[in-house]
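The values are calculated or read from the model by the stated rules, or taken from the named source; none is laboratory data. Keep in mind that what you see is a predicted model, and the values were worked out from it rather than measured. When we count neighbours, we look across all protein chains shown, and the Cβ atoms used for this are built from the backbone with ideal geometry, even at glycine.
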């Protein structure tokens, strides 16, 4: 590694908050960027009591009020992060299902019918692909369940570990890591994981 000469300005070190050891390892290998990976502590035990979730949502809304959300108006810079496989709570899953139940059925079907496997942006020549979130509207380049979107989606571009991709956000709220850790105390699964839970429950139901 080349030594920095006298009088040179030290390169800034960016802290990135990681949820597991694999993410820490990923950033440690990024030698071209001065990242300082920080592993967020795991919660003691999962909890999804109604009172606890209500209290969390209130805390999340308070965090949102400290974000620079006005810079997101009309921007889809975070759209490339809307990939499949992220985790949501049961409450978030139910909220999206309730939103879809009230939505225009034709619109729901239109988004569901779209191909969600697309070329990896910036690596198209390699043939690499990425699977987008099932609710990503690839025709309109937006989220089809935006009002009911999960917590992780609400943090895109507004936290130090999910920074704004076009650097339009001047600073990030200091309370964000604490809110994220509170969120991680709830049981979370993929969309498919919650649906499998429903499927098993339905099979156990006996109609007399």
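Numbers below:
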{"quantity": "Check on residue 66, farther than 22 Å from residue 135 by Cβ, modelled with pLDDT of 80 or more and surrounded by 14 or more Cβ atoms within 10 Å (Cβ to Cβ)", "calculated": "yes"}
{"quantity": "Test: residue in the range 176-190 that is within 15 Å of residue 71 (Cβ to Cβ), over 12 Å from the mean Cα position of the chain (by Cα), touching a residue at least 40 places away in the same chain (Cβ under 8 Å) and surrounded by fewer than 18 Cβ atoms within 10 Å (Cβ to Cβ)", "calculated": "no"}
{"quantity": "Helices (runs of 4 or more DSSP H) wholly inside the range 141-208 that include at least 2 residues being modelled with pLDDT under 90", "calculated": "191-204"}
{"quantity": "Flag for residue 80 being out of contact with any strand residue (DSSP E or B) (no Cβ under 6 Å at 6 or more places or on another chain), modelled with pLDDT under 95 and surrounded by 14 or more Cβ atoms within 10 Å (Cβ to Cβ)", "calculated": "yes"}
{"quantity": "Condition met for residue 110 (more than 15 Å from the chain's Cα centre (by Cα) and assigned to a loop (DSSP other than H, G, I, E, B))", "calculated": "no"}
{"quantity": "Which listed residue is surrounded by 16 or more Cβ atoms within 10 Å (Cβ to Cβ) and modelled with pLDDT of 90 or more, from 89, 131", "calculated": "89"}
{"quantity": "Positions within the range 106-125 being farther than 20 Å from residue 145 by Cβ and touching a residue at least 12 places away in the same chain (Cβ under 8 Å), in sequence order", "calculated": "121"}
{"quantity": "Residue list for the range 92-128, restricted to those being at pLDDT below 95 and in contact with a helix residue (DSSP H, G or I) (Cβ under 7 Å, 6 or more places away or on another chain)", "calculated": "121"}
{"quantity": "Scope the range 108-140; condition closer than 30 Å to residue 53 by Cα and out of contact with any strand residue (DSSP E or B) (no Cβ under 9 Å at 6 or more places or on another chain); matching residues", "calculated": "108, 112, 134"}
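Each row is one residue, and each column tells you yes or no for (1) under 16 Å from residue 190 (Cβ atoms); (2) free of Cβ contacts under 8 Å to residues at least 12 places away in the same chain.
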residue	(1), (2)
86	yes, no
100	no, no
104	no, yes
127	no, yes
155	no, no
165	no, no
